[in-house]
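Colleague: Structure incoming, see below.
The values are calculated or read from the model by the stated rules, or taken from the named source; none is laboratory data. No experiment lies behind these values; they were computed from the predicted model shown. Using ideal geometry, Cβ is built from the backbone for each residue, glycine included, and neighbour counts are taken over all protein chains shown.
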Amino acid sequence: MKKFIYLFLAVAAFAAASCQEKMVSGAKGTLAFTLEYDGNDYIDISTKAVDFNLSSMAVVIRDAGDTEVASYPDASAMPAEIQLAPGQYTVKAYTSGVAEAAFDSPSFSGEKEFTITEGEVTTVELSCGLDNVKVSVNLDKSFTDAIKDYSVTVTAVNYDKSLVFTSQYIEEGKAAYFAVSPLKVNVVGKRISNDEPVDIVTDIEDVNPRDHFILNISVKEVPSTEGSGTIKISIDESTNDRNVDITVPAEPVEPVGAAPEITFSCPDDVTFTDAEAQSAVVDVTIKAENGIENLYVKIESQTLLGLLGGLGLGDVVASGNWDIANVSDPELAEFLGGLGLYNAEDPIKGKTEHTFSIGLFMSFMFASPDPYPFAIRVVDSKGQETSKTLTVHRVAE
């Protein structure tokens, strides 16, 4: 149900004998009035309705010739009675001293014609509705989860007047009021993930008095990450509430390409006799279109780890778990170089394809009922990784 400010004018017209003797018209009327405010939902401040101050309203009465016959800049100071000659009049009430853009400053106005008739009482009800434009901001969780240091600036284009909704104002539920004009909305901030600036502009062209624009701002995937976002307006004609959906494009997802590949020159699970082991070719080929970031070779055979520990080398070598794309330990570099797994002159990191051999490990692997697993794991520059295990069995004949 719509709620308004009501100006009740009780008009009594009567023949005044003393006036008839002195006036050509021969009659006057008395205008008795009250001005009341019936609390409404247009002037919520920080989600709490405020008492309307009658002193902010001005009242003007004009006759049929548009001549001002009475005016009151402070409606609360109007006299109890006003004498008027019979005839046609217009009464107008309006909020005085309203800014073209201000927070929590609604403006109301209304006017109506009435007639003073000799010997009759006329009651005039004047409804004063909002005559400027209300704007409020509603942030979706998708926005606050993704954007920081944000603010929303709304500009009345025809007057070049702007108001800034800070995060505090939005949280407090402040409403902004503008003189009727096309509006420009500018949402700025930074993405939490990477500090990338966000700057979205939305124009609202169809603006009328008493419109309430609710700016619903969210982050969503949109077909294009260029441009100023999207806007959708739905109108509830009974209240003039108008939802404006402003979409901030989600952070673009950069294509990461294919995950790395690991292939072996032999079956994943292979058996060699002592004779075959002497000439066995056991190559590992890595392909990573985004470039190799890490390339781990891990010996999972306790037998081989025991042999490594007995070489008297440092813990880095004895661990049997090496990132051969990032070798900084000199002793490890020398050891891996001797096995053909590392060459300082041919860095592995950044390559899109690399092949190495574990064939030289055959001299450390004796016939045994226990297998010799080698776990290979590669990570590319986009963080994608692939793992694969080569299991070697050794038998006497």
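Colleague: Answer with yes or no whether LYS351 is touching a residue at least 60 places away in the same chain (Cβ under 8 Å), in a loop (DSSP other than H, G, I, E, B) and surrounded by 14 or more Cβ atoms within 10 Å (Cβ to Cβ).
Modeller: Criteria met by LYS351.
Colleague: Among the numbered criteria (1) assigned to a strand (DSSP E or B); (2) touching a helix residue (DSSP H, G or I) at 6+ places or on another chain (Cβ under 7 Å), which one does ASP370 miss?
Modeller: ASP370 satisfies all of (1) assigned to a strand (DSSP E or B); (2) touching a helix residue (DSSP H, G or I) at 6+ places or on another chain (Cβ under 7 Å) except (1).
Colleague: In the list SER142, SER109, which residue meets the criterion of being in a helix (DSSP H, G or I) and either out of contact with any Phe, Trp or Tyr (no Cβ under 8 Å at 6 or more places or on another chain) or crowded, with 18+ Cβ neighbours inside 10 Å (or both)?
Modeller: Just one listed residue meets the conditions, SER142.
Colleague: Restricted to region 359-397, and to residues that are acidic (Asp, Glu) and surrounded by 15 or more Cβ atoms within 10 Å (Cβ to Cβ), which residue is nearest to ILE299 (Cα to Cα)?
Modeller: Among those that are acidic (Asp, Glu) and surrounded by 15 or more Cβ atoms within 10 Å (Cβ to Cβ), it is GLU385.
Colleague: Please find, within region 285-304, the residue that is nearest to THR263 (Cα to Cα) out of those that are among the charged types (D, E, K, R) and at pLDDT 95 or above.
Modeller: Across region 285-304, the extreme among qualifying residues is LYS287.
Colleague: Moving to a separate point now. Just a yes or no: is a residue in region 312-327 in contact with a Leu (Cβ under 8 Å, 6 or more places away or on another chain), closer than 18 Å to ILE376 by Cβ, in contact (Cβ under 8 Å) with a residue 24 or more places away in the chain and assigned to a loop (DSSP other than H, G, I, E, B)?
Modeller: Yes, that holds for at least one residue.
Colleague: Residues of region 369-387 being farther than 16 Å from ASP323 by Cβ and in contact with a strand residue (DSSP E or B) (Cβ under 6 Å, 6 or more places away or on another chain), which ones?
Modeller: PRO371, TYR372, PRO373
Colleague: Here are the criteria: (1) modelled with pLDDT under 90; (2) assigned to a strand (DSSP E or B); (3) closer than 30 Å to VAL154 by Cβ. Tell me which single one ASP51 does not satisfy.
Modeller: (2)
Colleague: Right, another one. Which condition breaks for VAL137 when tested against (1) touching a Leu at 6+ places or on another chain (Cβ under 9 Å); (2) outside the structural domain of ASP203 (by TED's automatic domain parsing)?
Modeller: With (1) touching a Leu at 6+ places or on another chain (Cβ under 9 Å); (2) outside the structural domain of ASP203 (by TED's automatic domain parsing) applied to VAL137, the lone miss is (2).
Colleague: When you check VAL157 against the structure, is it of a type in the set (A, V, I, L, M), surrounded by 14 or more Cβ atoms within 10 Å (Cβ to Cβ) and assigned by TED's automatic domain parsing to the domain that holds ILE217, yes or no?
Modeller: In short, yes.
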